[in-house]
Amino acid sequence: MRNLSKVTALAVLMSLSGAVITAPVLAAPDYAKIEERKKAKTRIMGERTGKKVSKAFEFYNEDKLDEAIAMLKELDPSDDFDKAIVNRYLGSMYGQKEQYKTAIKHLELAVAPDILNFADQEQTLKTLGDMYAGTEQFKKAKEAYVRWMDFTGEEDATVYTRIAQANYQLEQFRDVFEPADKAIKLQEEPKKGPYQLKLGSYFELKDYSNMVKVGEEIVRIWPDDKKAWVSLGKYYLQTEDYKKGLATMEVAYKNGFFETEVDYKVLSNFYSLNEIPYKAAKVLEESINDKIVKRNKQNISAIASNYHRSKNIEEAAKYYEEAAKFDDDAELYRKAGSLLLQSQNYSAAVVRLNKALELGSDKKGTIYTDLAEAYYYQEKYKQAYAAIQKAMDDQRTRKFAKGWAPYIKDKAARNGVKI
C-alpha cells in the first residue's frame, strides 16, 4: 500500500475489491453555509509551525517517512488551525505506514474543530471514511461519508457505493438499495460495484426475483462478462425459471464462458429440468471425458439416469454399472441388469443381476423375475424355473411369479426339458 498515492491507497484498494456490500444515504447539506465556507479566506499555518512542517515534508519527499513523522510529532502548536493541519498530515503518514488505528486518531482530531480550509476538510472527511471502512468500523465509515456529503453538498457515485458497502457489512441489507441506486445514477461509466451490492443484498433477503432482474441488467450492460452470464443462469434456478436458465447457460456454454465443473453440471441439470435428458447426459459425459468434471459416482449416476430417461438403454446400463463399481452398489447393478435385459443382452443381464444378489439387494423378488426372463429367452428353462420359484418368496412379486411359473414349465416340457 505504501507504493500507492498517500492515504488514498486504502480507498483505491476498496474501490477495486468488488466486495459485495450496500446502504442508503440521508445527507442534509446546508448550501448557504457551504458557499460561505468555500468563499472564506484561505488560512495558512503560523511561521514556526510552517517551517517545521516544511522540514517534515523534505524528509517525506526523500521517502524518510519515520523522520517526517518524528518531526511533526515534535510540534505542539497552540493555534487550533495549526493543530488540525499537523494532525491531518500525521494521519496521512500513519496511513501510509498502515498504522490505521493511529492514523484514524489523528484524522479525527484534524476534522473535529471544523476549521481546516474547505478542500482539506472535505478530503480528510472522505479519507477518514475510507479508513473506518478499511478497519471494519462500518457504522463510523457511513457516518463519515454522510458528514462529507453534508459538508460539501456534493453527491458522488463512489461515496454512495461505499455507504452501500458499509450497510451491507452491517447486515442492513434493505438499506443498500437507495445508495446503490444513487451511485448507479451518478456514474458516468457503469461500474459493477453497486450492482454486485444489490445482488448480494437481494440474495441475503431471499428476494430472488429482484436478484434475477439485477443479474439481467448486468448482462445487458456487460455482455462480454463471462461470470455474469453463468451467474445469471444459476439465479434462474432460484426462481425456477428453467427455460430462461437453460437459454442463458447455453449462451455461456457456446461462448466458452464456463470455468468450473459446477457450470457444466448446472447446464446438464437445466436440460434435465426442461425434459431434454439426452443432452443432459451428453454435456456431463463430454465434460467428464474432457477431465473438466470429476468422474465420481454422483456424476456417473446422473449420466446413467438421463440416458435411461432418454431411452438410450445400453448407454444407461453401461453407466449404471460404472457407478455401481465405486462402492459395490447393489441397486445400481440391478438397474444395469434390468436394462441389459430390455436390450435383449441376456447373458450380460444375468451377470449384473447375480452381482446385485451377491451384494445383498433388498429387491430380490424383482431380480429373480428378471433373471427368470433372461434365462427363459436363453432357453435355460431349469434356471428360469428356479429363479421364478425364488421370486415367489417375495410378497411383492409372488403373484406375478405364480402366474408365470406354469408357463415356463410348459415351455420347457414342449422343448424336451424336464423340470
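Things worth noting here:
- Dipole moment magnitude, nearest 20 debye, the stretch 292-354 about Cα centre, only Lys, Arg, Asp, Glu C-beta charged: 160
- Mean Cα-pair separation over length for the chain, i.e. relative contact order, pairs under 8 Å, 6 or more apart, %: 10
- Value of relative contact order over the stretch 359-405, rounded to a whole percent, pairs C-alpha under 8 Å and six or more apart: 38
- Mean residue ellipticity at 222 nm, helices only, the chain: -22500 deg cm²/dmol; runs of at least 4 DSSP H residues each add -39,500 (n - 2.57), and the sum is divided by the number of residues.
- Neighbour cut-off at most 11 other Cβ (10 Å), DSSP loop, trypsin sites (Lys or Arg not before Pro), the stretch 205-249: Lys206
- Helix axis angle, 100-111 relative to the chain longest principal axis, alpha carbon, degrees: 40
- Here the stretch 171-241 and the stretch 121-158 have alpha carbon centers that stand 24 Å from each other.
- Crossing angle, helix 80-96 versus the chain [Cα axis fit, 0-90 degrees, rounded to tens]: 30
- Residue order for Arg414, Arg352, fewest other beta carbons within 10 angstrom first, comes to Arg414, Arg352.
- Given (1) 1.34; (2) 1.05; (3) 1.67, the label whose value is Cα Rg over 2.2 N^0.38 Å derived from this model: (3)
- Relative contact order of the stretch 307-359, pairs being alpha-carbon contacts under 8 Å that are 6 or more residues apart, as %: 32
- For the stretch 155-284: rounded, prolate or oblate by the Cα gyration tensor [a/c cutoff 1.5]: prolate
Since every read-out is calculated from the coordinates, none of them should be taken as a lab result. For clarity, every value in this text was computed on a predicted model and none was experimentally measured. Note that each Cβ is placed from the backbone with ideal geometry, even for glycine, and that neighbours are counted across all protein chains shown.
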